[in-house]
Amino acid sequence: MAGPRPVVFSGPSGAGKSTLLKKLLKEFDGVFGFSVSHTTRKPRPGEENGKDYHYVSREEMQAGIAKGDFIESAEFSGNIYGTSKAAVQAVQAQNLICILDIDMQGVKSIRKTNLNPIYVSIQPPSMDVLEKRLRARQTESEESLQKRLQVALIEMEFSKEAGQFDVVIVNDILDEAYEKLKAALLQEIQKVKNSTKV
Ligand SMILES: Nc1nc2c(ncn2[C@@H]2O[C@H](COP(=O)(O)OP(=O)(O)O)[C@@H](O)[C@H]2O)c(=O)[nH]1
Ligand SMILES: Nc1ncnc2c1ncn2[C@@H]1O[C@H](COP(=O)(O)OP(=O)(O)O)[C@@H](O)[C@H]1O
């Protein structure tokens, strides 16, 4: 029997993807598993290698891509990010709903695979709010922040294209956004819960 459908989270940097998916992983331990991507960007304070990302050099990343280790990869804001086959398999082997946090290039690549995920777009209420949140997060240099805001405009437009996402969630009030997210995933959550009942 096919395992549960994965869930793709996409949307502008700073929209709240990590915040929302961490809440899901915490509330539904044993239901969701995170696909740990590889990245060439440096870890932020508090991030853990192997948990948030696998942090690698550009050379290692390029070698892995050339070897065919990745389902998809993309350059985002000066760094390479990619989903390895192993990352997704590790989650699916446990019969968990695999969560992918990827940019719009990743969404386009995943669409060409047989992963068949539910596509969720997380959007900020406005560009102004997005910029405030990104600044308050204090993880980016001014240059990195400006790059992210430029790409954000494109990601926001992309989410409005018909057929790109199964659900678009505007993350204004966090608790409300989280409830909408749960409602959208309820059916898949229930399937996993039923399949693990003894
Ligand atoms: N295509 C692709 N994008 C990824 C992957 N991992 C992360 N991203 C995206 O890369 C962008 C930057 O991520 P990150 O540096 O963690 O910054 P943040 O989104 O501001 O927290 C985000 O849009 C992520 O969704 C991946 O494996 N593949
Ligand atoms: N609904 C919200 N209201 C206020 N701040 C939020 C909300 N959602 C997320 N944040 C904050 O905004 C910043 C960006 O969120 P984050 O989850 O890191 O975004 P992403 O993973 O999409 O880049 C973080 O500092 C986070 O704590």
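The values are calculated or read from the model by the stated rules, or taken from the named source; none is laboratory data. Keep in mind that this is a model prediction, so the values were computed, not measured. Every residue, glycine as well, gets a Cβ built from its backbone with ideal geometry; the counts of neighbours run over all protein chains shown.
Structure notes:
- Hits in segment 158-183 (condition: closer than 15 Å to LYS108 by Cα and away from ligand 1 (no atom under 15 Å from the Cβ)): LYS160, GLU161, ALA162, GLY163, ASP166
- Residue match in segment 18-34 (condition: in contact with a Ser or Thr (Cβ under 8 Å, 6 or more places away or on another chain) and modelled with pLDDT of 95 or more): no
- Which numbered condition ASP128 fails, given (1) within 18 Å of the chain's Cα centre (by Cα); (2) over 25 Å from GLY46 (Cβ atoms): (1)
- Check on GLU176, assigned to a helix (DSSP H, G or I) and either among the acidic types (Asp, Glu) or under 15 Å from the mean Cα position of the chain (by Cα) (or both): yes
- Only one of the numbered conditions (1) exposed (fewer than 15 other Cβ atoms within 10 Å of the Cβ); (2) in a helix (DSSP H, G or I) is violated by VAL151, and that is (1).
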